[in-house]
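Asks: Following this message is one structure expressed as structure tokens.
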Amino acid sequence: MILRTLLSHYRRHPLQGLFLVTGIVIANVLLVGTLLINAQARASYSAGEQLLAGQPVGRIEHRVDGQAVDERDYVRLRRQGFAMVAPVLRRVVRTRVGEPLELLGVDPFALSGMSMSDGSRSTADAAGGFAEFPFPPYQLWAAPGRLQQLGRRAGDRIVLESGVYLPPLVAVPGQQLGHRLLLDIGALQAITDSPGELSYLGVFPAPRGRLEALNAALPDHLRYVDTLDTPDPAELTQSFHLNLAAMGLLAFVVGVFLTYNALAFSYTDRHDLIRRLRLAGVTRRELQQGLLKELALFLAAGSLLGYWLGAQLAAWLLPGVGRTLAQLYGVYISYPDALIPSGSALPLAMTAIAAGLCVLFPLREALNAPLLERWQGSWHHLTAAQRDRRMLIAALALLAASAVLGLRAEALWLALAGMACLLLGAALLLPTVLRMLLGGLTRLLPPRRARLNWLLADSRWLLGPASLALMAMTLALVANSGLNTMIGSFRQATDDWLNQRLAADLYLGARLPPTELRVWLDEAYPGLTAVERFRTRLRPEKPGGQRAEVEVVSLQNDDRFRDSVGLIRSVAAARTDFFAGNGLYISERAWRLGGWRPGDTVVLCPARPAEKVLGVYHDYGNPLSQWMVTESLFRACWPQLQPLGLAIVGPPETPWAAVRGDLAERFGLESGNVIDASELKDIGLAVFDRTFTVTQALNALTLLVAGIGIFCAVSAIHHHRVGHQALLTSLGLSRRERAALLLSQWGLLGLLCMVLVWPFGTLLAAYLAAIVTPVAFGWSFSLQPEWPHYLVLAVSAAAALILAVLVPSLRLLRASPSALLREQAT
């Protein structure tokens, strides 16, 4: 009976029930979505790389990084009886509209019947088999999620920038294709003009003796790499997934604020009902049990709906996450038709615990309220004052904890905990700051401005019921401001870094004989110089004792390249010693995460004594640590390695368009194989922008969540605003004047919230740039706030509040004065 009586309130006020469910749903949606995405990624990492349901245990690649494997080596190994190897060709092409596509060419006949790591056999059979896949006009296989991401349908043919048409698209589920598009290796060789070239040979499970024999049969220029020796993708992408989870937790906190607000409104509206039930003989314990059962019903409905919507959100965002992981880390995850229901208990448990905390204070206030009406006004006023003091103390404690964690953060979870303390501290500080600002504005206004004085006084009253919704909005705005400032600063730093590092004028994507190229340049363009670029990989021991994979790259000892590397830390005379071949530079990631320091010595190669670490430089976007040496030092260590690529430098007045055309004609190159520095920069920035697409989407969703919270709060508050509107109407204010007061009031609150958003948004961006990002990725960059962004955010906050207020206010403003007075009387 008690439960039915309590639930009857929502039959008369269904919007309040809707707002409570909305808060619970919002708390679950992004949290569930990010958890499911991370679970799917972990499952893909555990399964390992898949090629048509076959799982390689290793690969055979060229000893020179980036150099193709000759197809004749593969044929020779197969003729020797090594049937466990299969050829793979990987190419990145661009469509006519500039969209990059990663194509993977395989030989389905070589893969057919390969063994899985568990001993089963791979059928390599999908989409009706290979009847059309390896024969003209071929087929281009794609995961259904990737097909949707491209905005294509089965049967479409993509046109490349070279004008070549790719084979017809076929949606193939269950093959772990992820971000890649699969086609016949012969077709890919023809499309990309790379006959006889392979990226690597996949090695599938076989008896240990056969694998040892394979390794012994490899020619000197090839090497076998076991999958156990490659970087662990879960470890490589840990920072990305933790940041993704942090965004889900942020939205969860916003949803918790909204749930608390909805519960507080519900209990406030039922003060009279609760008082009458107590006067009728219902005990406090019985009332408490009834209210908790009611909350359990709402929790069950909201959590189930939130979980379903979170799963839909995860399926929508997963292709974008896969693209980011592929481009940033070279890691691939599958796009399944159904997500793994992993960790479903965690969001439900978190929601239940958060709901218990949310109901704790409103429930206690509702049950402790005086039974006599005459004492209730002063009791509520005293309770609100105590609540504001508690929030102020909690805010100061959280901000202090944030400072301590930021100074001591060496692990990512500590840095993220400090960021969470900063966000919550800013939100809890809001009511006190708004009361102070409104009080200061009241003292500045002359008494004769009655309407403005009423607006400020009424706004101070609004801080009681609306403070939590405003705190949720402020939390979302601070996160939005901080992330946008961080991303903008990082993008500017990346832009400056690309300008610095792309010192050459033209870069050649095709392999050409360096001597032949130099002879041609001396004849056709005497002022131009061909520069060779070298790269290899090592697994040195870090100062902590563990081994880490490190890239070693060369730098030309030329005037153009001498100042192309900016050092952020260095020893004395670092540049002089570096170009004299007496040391090396290390990337910022190698310094922060690898543990090497300027002044340390490292073993570069057995043929040389230990080299001194001379300086640290920025290397954005590289998931591996990097060492940089002069070209002469590189050649001294690895004289057998061929250059990874070539670049051309020359005076600014050089007609580079003509040079590109003559190069392509002389050496038979496609236009995409001769790229100028500006094009490479555009490609790099495009990858950067796509990398943060998911973060910005989640950021926008968090703002939307806060807007929904404001709408819910205003709708509930207007239930108590009938008396105010009746009074204003009786004093002669027209409907238009009352609407202007309402909208001005909420717009003012939105602008005043920016007093906290501006400094804390900048502080959050600085925290992300100086603490979280270096700990997570090994990069740092200077903060460059964009002040127009803050003005846009202020206008957006005020406009969002006004829009959220507009719809709930229409009914209140349209009511006639007599209807308002009758409703107030009842």
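The values are calculated or read from the model by the stated rules, or taken from the named source; none is laboratory data. These numbers were taken from a predicted model, which means no experiment stands behind them. FYI the Cβ positions are ideal-geometry reconstructions off the backbone, even for glycines, and counts take in every protein chain you see. The accessibility values were calculated without ligands, DNA or RNA, using every heavy atom of the protein model including side chains. Shrake-Rupley method; radii C 1.70, N 1.55, O 1.52, S 1.80 Å.
Asks: Ordering His789, His9 by how much accessible area each has at a 1.4 Å probe, largest first, what is the list? Walk me through the numbers before you get to the answer.
Replies: On the way: His789 40, His9 5 Å².
Solvent-accessible surface, decreasing: His789, His9.
Asks: Which value, in Å² and to the nearest 10, is the accessible area of Lys293 when all protein chains are kept and the probe is 1.4 Å?
Replies: Per-residue accessible area (Lys293): approximately 120 Å².
Asks: What net charge is computed for the residues neighbouring Gly732, neighbours being all others with C-beta under 13 Å from the C-beta of Gly732, Lys and Arg scored +1, Asp and Glu -1?
Replies: Summing Lys and Arg as +1 and Asp and Glu as -1 gives +3.
Asks: Then there is this: From the protein chains alone at 1.4 Å, what is the descending order of accessible area for Glu410, Glu516, largest first?
Replies: Values: Glu410 170, Glu516 75 Å².
The residues order as Glu410, Glu516, largest area first.
Asks: As I understand it, the dipole of the chain uses +1 on the Cβ of Lys and Arg and -1 on the Cβ of Asp and Glu, about the Cα centre. Which of Leu317, Cys712, Leu423 lies farthest toward its positive end?
Replies: Looking along the dipole axis, the top candidate is Cys712.
Asks: At 7 Å along the Cα-to-beta-carbon direction for both Arg94 and Ala154, put a label point, then send me their distance in nm to one decimal.
Replies: Here the modelled spin labels are 3.2 nm apart.
Asks: When ligands, DNA and RNA are left out and all protein chains stay put, how many square angstrom of accessible area per residue does the chain have with a 1.4 Å probe? Before the final figure, lay out each step's value.
Replies: Details: 36580 Å² over 826 residues.
That works out to 44 Å² per residue.
Asks: Per DSSP helix of 4 or more residues, -39500 (n - 2.57); summed, then divided by the residues of the chain. What does that give at 222 nm, rounded to the nearest 500? Walk me through the numbers on the way to the answer.
Replies: Working: 27 runs with 479 residues, N = 826.
The helix-only estimate for the chain comes to -19500 deg cm²/dmol at 222 nm.
Asks: Among 346-356, 251-261, how do they line up from the highest to the lowest mean number of other beta-carbon atoms within 10 Å? Walk me through the numbers on the way to the answer.
Replies: Details: 346-356: 17.4, 251-261: 27.0.
Output ranking for 346-356, 251-261: 251-261, 346-356.
Asks: I would also like to ask the following. Over the chain, with every protein chain in place, what whole percent of the accessible area is carbon and sulfur at 1.4 Å, could you tell me? Don't skip to the end; give the middle numbers.
Replies: Numbers: 21370 of 36580 Å².
The nonpolar share, carbon plus sulfur, comes to 58 percent.
Asks: Let me ask something additional. With a 4.7 Å Cβ cut-off, tell me which Cys residues in the chain come up empty for a partner.
Replies: Cys358, Cys421, Cys712, Cys753
Asks: I'd like the distance separating the alpha-carbon centroids of region 57-80 and region 185-207, in whole Å.
Replies: 9 Å
Asks: What is the extension gain from Trp787 to Ala349, computed as 0.36 nm multiplied by their sequence separation minus the C-alpha to C-alpha distance, in nm to one decimal?
Replies: Numbers: separation 438, 0.36 × 438 = 157.68 nm, distance 4.11 nm.
Extending this stretch completely gives an extra 153.6 nm.
Asks: Once you put a point 7 Å from the Cα of Leu360 and another 7 Å from the Cα of Ala43, both along the Cβ direction, what distance in nm separates them?
Replies: 3.6 nm
Asks: Could you tell me which of rounded, prolate or oblate describes the chain, using a ≥ b ≥ c as the square roots of the eigenvalues of the alpha-carbon gyration tensor, with rounded for a/c under 1.5 and, failing that, prolate when a/b is larger than b/c and oblate otherwise? Can you show the working numbers first?
Replies: Numbers: a/c = 2.41, a/b = 1.92, b/c = 1.26.
Prolate.
Asks: Report the label-to-label distance for Arg12 and Arg635 in nanometres (one decimal), using points 7 Å from each Cα along the Cα→Cβ vector.
Replies: Label-label distance for Arg12 and Arg635, simple model: 9.1 nm.
Asks: Can you compute 3J(HN,Hα) from phi for each residue in region 290-305, using the Karplus curve 6.51 cos²θ - 1.76 cosθ + 1.60 with θ = phi - 60°, rounded to whole Hz and x for Gly and Pro?
Replies: x, 5, 6, 4, 4, 5, 4, 5, 5, 4, 4, 5, x, 5, 5, 5
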